[in-house]
Amino acid sequence: GSGKSTLIDIICGIVHPNNFEYIINNEKYEPSQISNINEYISYVPQQINFFNRTLIENITLKFNSIDDNDVIFVNKIITLLDLDKFVEKLPNGINTYLGEKSQNMSGGQRQRLSIARALFRKKPIMVFDEATSSIDMKTEKNIYKRIKELEFIKCIIAVTHRESILNDDDNCIFINNGEIVYDGKYKNYEPK
């Protein structure tokens, strides 16, 4: 309730407050000047919806045109997200149909598949809105580390209640009751 998700919606260009401008690399922009911001952002929401299609189709969102390169990249993402064992147990691997509810998956598996969908787009900015809250902390930390190593990733913006994913040099914004209470390097943060 402190405004984190609203801030993410503004960053992603979903919401445009009145009298608002973006400041990117110390330059000011009106929302209309960066209407193509979604071309650079992959958004991972708190909840994900699946289609009654195969696992690979749910990741790629390609329903008729999956090629060999897509399969190779999806398998790389599955390994990166520690989903190998989950996929191996599926009757047809990445070609197994998922139901819309996908009730046979844990919350952590669902969240990792949501991240896989976002990573498949190969956008330079990843935005996570509590997207790893159902993943254990050790796996979460490994996933963030691996994602940061991907060549196409330039920036990760993560809304989280867990500080375990943060490195000393990460820039952090702490929000409390709708107010920014800290903006700076994590190593310099001193809780009050």
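The values are calculated or read from the model by the stated rules, or taken from the named source; none is laboratory data. This structure is a prediction, so every number in the text was calculated from the model and none was measured. Cβ sites come from the backbone with ideal geometry, for glycine too, and all protein chains shown count toward neighbours. Please note that ligands, DNA and RNA were not included when accessible areas were found on the heavy atoms of the full protein model with its side chains. Shrake-Rupley method; radii C 1.70, N 1.55, O 1.52, S 1.80 Å.
Quick one: which helices (runs of 4 or more DSSP H) lie wholly within the range 81-192 and hold at least 1 residues that are free of Cβ contacts under 8 Å to residues at least 24 places away in the same chain and more than 28 Å from Ile10 (Cβ to Cβ)? Lay out the reasoning, then the answer.
Values: elements: 84-89, 107-120, 137-148.
In the range 81-192, the matching helices (runs of 4 or more DSSP H) lie at 84-89, 137-148.
Is it true that some residue in the range 20-39 is under 25 Å from Lys141 (Cα atoms), open to solvent by less than 70 Å² (accessible area, probe 1.4 Å) and of a type in the set (S, T, N, Q)?
We begin by selecting, within the range 20-39, every residue under 25 Å from Lys141 (Cα atoms); these are none.
No, the conditions are met nowhere in the range 20-39.
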Selected residue (only one of Thr132, Thr96 is polar (S, T, N, Q) and buried (at least 17 other Cβ atoms within 10 Å of the Cβ)): Thr132
Matching entry among Ile173, Ile157 (being under 22 Å from Ser5 (Cβ atoms) and open to solvent by 80 Å² or more (accessible area, probe 1.4 Å)): Ile173
Positions within the range 44-60 being open to solvent by less than 80 Å² (accessible area, probe 1.4 Å) and within 20 Å of Lys123 (Cα to Cα), in sequence order: Val44, Pro45, Ile48, Ile56, Glu57, Asn58, Ile59, Thr60
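Quick one: which strands (runs of 3 or more DSSP E) sit completely within the range 1-77 and have at least 1 residues that are within 18 Å of the chain's Cα centre (by Cα)?
Details: elements: 22-24, 27-29, 41-44.
Fully inside the range 1-77 and qualifying: 41-44.
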